[in-house]
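Q: Quick one: structure below, then a few questions.
What follows is calculated from the coordinates using simple rules that are stated; it is not laboratory data. Because the structure is predicted, anything quoted here is derived from the model rather than measured. Here Cβ is always computed from backbone atoms with ideal geometry, including for glycine, and neighbour counts include all displayed protein chains.
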């Protein structure tokens, strides 16, 4: 599904160049639930952004679903994101003035799906995450756990091959964290590849595999 | 392409922050409002002044006489100068061929009566050419013709206001033609009705044949005024003709060449040009102020757009992560800006028009009347504002989409 070969990435900060990823090699197979762990500054967020086509990389090769992702145009990246990837963020990043249903339906808007169908599918996914009754609520009327479930429904609606979750439980208490992880595992059981970035070992331990990053390199993989 | 989904999306975002939307809209509406009102007041001033001074055509020369101030060739100072029929004939001979020519006899405050109704109006004895020189707009019947003048006929052409004042309510101009009207106690036949648009004094006048007027209402062969049409002659040509006519006429009437008041030869071409220059000045001023207002409005819009886009950086990042292309985001922001500006611009336009129409009945004055909106320039202003708005939205929008989603989404 995902194949990275010696990915390198540096940021220009003023006159200095800071190398964040110093050659990442890894393969994530279809249907895997993988955790990426590392202390802050280890490059885990950058790696996730590269995986999510939200950021480009300098060297190496990235193959997603058998297609090369190097040097994509903005437009092509947007299309691949729309077709293959779903995102879940630490701070949910729901659009505050849209209802839960509209937030979930948004990715389909960018795929040109008709409104009626969008609404129906969004409601189906909200039902799936147990929030059908909250469809018409605005994000600020919901709890953190509920917001994250809406965000997960939004990530799922476009039928992605991979879900990339950046600290999905970072803003949640331990009970809701477990709920969210349970939901992610359920989704994973349906065959969707999930990559979770986290610094909490309890969360990472619930995954099939942990990739540890340190100083821009992978420390070692374990099952 | 703007389909229903796009509209809903626009509505949603525009309405999501009522205060922000309200302030942006207010600055645009106010800009257009001020422009419309300024424009309307300028137009009102112009039409008011034009009504008072400019109800004749402008391509003619007017000859009148007054009091000679200077002694000349044995004649005393401060004497009254008059034009008589034989002198007018001499003028006509001197000019040989002119596009149009009319003599005048005026009798102000003439009682005109029809049935039991009567009123006081201006009486003008004229030649047929006055129809052309005065640009008399006939709504029915005909003007004074040559046979009227040759046969001293008692034909009258009445102004629309007289029709309204003296005839039963609802009488059409056609119905009035052929009716008898009494002018200064003598029966005339109404042969025509005229209506000068936007003119208050003209429509309170009666035209009758010059010869009839002189014979019935004047005890002498004095001519009050002569109007000489200048056709397509240029300002320079009419100016030369005015000068030579003045010299020639002063000689004929024995008036000192330096006398300022004995003989009046007024070139309406030149007067009109002076008015035109004044109005050009006013228009320029109005446009200048309007443009400055627009500029201020546009800067406000640009400013707000920059803030709006900045505020929404994160949202833009989310949308990109969800599959939006940069193009679609820029298009959305621009559409929102245009939509907002169209709506608030139209509100400003309507409010300005409404105000002008509301005050119009209360501000009638000699130099101010009928303030109206120049719709074309208001739309032009709106267009300019939208253009500026789009330009000012595109800048920040492009900057916003050039920010990588990563940075947009970064929490701290």
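Q: If packing is taken as the average number of other Cβ atoms within 10 Å across a peptide's residues, how do A:163-169, A:74-80 rank, most packed first?
A: A:163-169, A:74-80
Q: Let me ask something else about it. Would you calculate, for chain A, the mean residue ellipticity at 222 nm contributed by helices, counting each DSSP H stretch of 4 or more residues as -39,500 (n - 2.57) and dividing by all residues, to the nearest 500? Kindly include the intermediate steps, with their values, before the conclusion.
A: Numbers: 7 runs with 78 residues, N = 223.
That comes out to -10500 deg cm²/dmol.
Q: Sticking with this structure for a sec: Let me have the 222 nm mean residue ellipticity of chain B computed from DSSP H runs of 4+ only, each contributing -39500 (n - 2.57), with the sum over all residues rounded to the nearest 500.
A: Numbers: 14 runs with 226 residues, N = 412.
Calculated from helices alone, the mean residue ellipticity at 222 nm is -18000 deg cm²/dmol.
Q: Expressed as an acute angle from 0 to 90° and rounded to the nearest 10, what is the orientation of the C-alpha long axis of helix A:144-157 relative to the principal long axis of chain A?
A: Roughly 80 degrees, rounded to the nearest 10.
Q: Continuing with the same structure: Note the angle between two axes, namely the Cα long axis of helix B:326-359 and the longest principal axis of the Cα atoms of chain B, as a number of degrees from 0 to 90, rounded to the nearest 10.
A: Result, in degrees: 30.
Q: Kindly rank B:100-109, B:182-191, A:81-90, B:40-49 from highest to lowest mean number of other beta carbons found within 10 Å of each residue. Spell out each step's value before the answer.
A: On the way: B:100-109: 18.7, B:182-191: 17.0, A:81-90: 23.2, B:40-49: 20.3.
With the highest mean Cβ count within 10 Å placed first, the list reads A:81-90, B:40-49, B:100-109, B:182-191.
Q: Averaged across B:247-256, how many Cβ atoms of other chains sit within 10 Å of each residue's Cβ atom? Mind dumping the intermediate values first?
A: Numbers: counts 0, 0, 0, 0, 0, 0, 0, 0, 0, 0.
That average works out to 0.
Q: Next question, about the same structure. Considering only DSSP beta bridges whose two residues both sit in the protein assembly as shown, what percent are antiparallel, to the nearest 5? Please list the in-between numbers first.
A: On the way: 61 of 89 bridges.
Antiparallel bridges: around 70 percent, rounded to the nearest 5.
Q: For helix A:115-128, report the angle its Cα long axis makes with the longest principal axis of the Cα atoms of chain A; keep it between 0 and 90° and round to the nearest 10°.
A: For A:115-128 against chain A, the angle is about 80 degrees.
Q: Arranged from highest to lowest average of other beta-carbon atoms within 10 Å per residue, in what order do the peptides A:99-106, A:32-39, B:122-129, A:211-218 appear? Mind showing how you got there, number by number?
A: Numbers: A:99-106: 24.9, A:32-39: 20.9, B:122-129: 22.8, A:211-218: 19.0.
Put in order of decreasing packing, that is A:99-106, B:122-129, A:32-39, A:211-218.
Q: If you don't mind, there's one more thing I want to ask. If you stretched the chain out fully between residue B:120 and residue B:150, how much longer would it get, using 0.36 nm times the residue separation minus the C-alpha to C-alpha distance?
A: Working: separation 30, 0.36 × 30 = 10.80 nm, distance 2.75 nm.
Value of the extension gain: 8.1 nm.
Q: In addition: How many Cβ atoms of partner chains, on average, are near each residue of A:45-52 if near means within 10 Å of its Cβ?
A: Working: counts 3, 1, 0, 1, 7, 1, 0, 4.
Going residue by residue through A:45-52 and averaging, the value is 2.
Q: Applying 1/(1 + (r/R0)^6) with R0 = 60 Å to the Cβ-Cβ distance of residue A:29 and residue B:289, what FRET efficiency is obtained, to the nearest 0.05?
A: On the way: r = 71 Å, r/R0 = 1.19.
Efficiency, from the Cβ-Cβ distance: 0.25.
Q: Among rounded, prolate and oblate, which fits segment A:37-109 when a ≥ b ≥ c are the square roots of the eigenvalues of its C-alpha gyration tensor, a/c under 1.5 means rounded, and a/b larger than b/c means prolate? Can you show the working numbers first?
A: On the way: a/c = 2.70, a/b = 1.35, b/c = 2.00.
Oblate is the answer for segment A:37-109, as a/c is 1.5 or above yet b/c matches or exceeds a/b.
Q: Residue by residue through B:311-321, how many Cβ atoms from other chains fall within 10 Å of the Cβ on average?
A: Working: counts 0, 1, 0, 4, 6, 0, 3, 10, 7, 7, 15.
Per-residue shielding by partner chains comes out at 5.
Q: Specify the residue with the greatest mean-square fluctuation among A:172, A:131, A:72, computed from a Gaussian network of chain A linking alpha-carbon atoms under 10 Å apart.
A: Per the Cα network of chain A with a 10 Å cutoff, A:72 tops the list.
Q: With a ≥ b ≥ c the root eigenvalues of the C-alpha gyration tensor of segment B:35-161, is it rounded (a/c under 1.5), prolate (a/b larger than b/c) or oblate?
A: Values: a/c = 1.69, a/b = 1.24, b/c = 1.37.
Oblate, because a/c is 1.5 or more while a/b does not exceed b/c.
Q: Give me the mean projected area, in nm² to one decimal, of the convex hull enclosing the Cα positions of chain B. Let's see the in-between values first.
A: Details: hull surface 116.0 nm².
Its Cα hull, projected and averaged over all orientations, spans 29.0 nm².
Q: Mind giving me the nanometre distance, one decimal, between the label points for residue B:67 and residue B:108, set 7 Å out from Cα along Cα→Cβ?
A: According to this spin-label approximation, the distance is 1.6 nm.
Q: Could you pull out which residues in segment B:100-139 have an amide N less than 20 Å from a spot 7 Å beyond the Cα of residue B:175, following the Cα-Cβ vector?
A: Residues B:113-119, B:139 qualify, since their backbone N sits under 20 Å from the label point.
Q: Additional query: Mind running the shape call on the protein assembly as shown? Use the C-alpha gyration tensor, a ≥ b ≥ c as the square roots of the eigenvalues: rounded below 1.5 for a/c, prolate if a/b tops b/c, oblate otherwise. Don't skip to the answer; put the middle values down first.
A: On the way: a/c = 5.23, a/b = 3.42, b/c = 1.53.
Prolate is the answer for the protein assembly as shown, as a/c is 1.5 or above and a/b outweighs b/c.
Q: I've got another one for you. Hey, fewest Cβ within 10 Å first, where do B:121, B:275 land in order?
A: Details: B:121 23, B:275 16.
The fewest-first ordering by Cβ neighbours comes to B:275, B:121.
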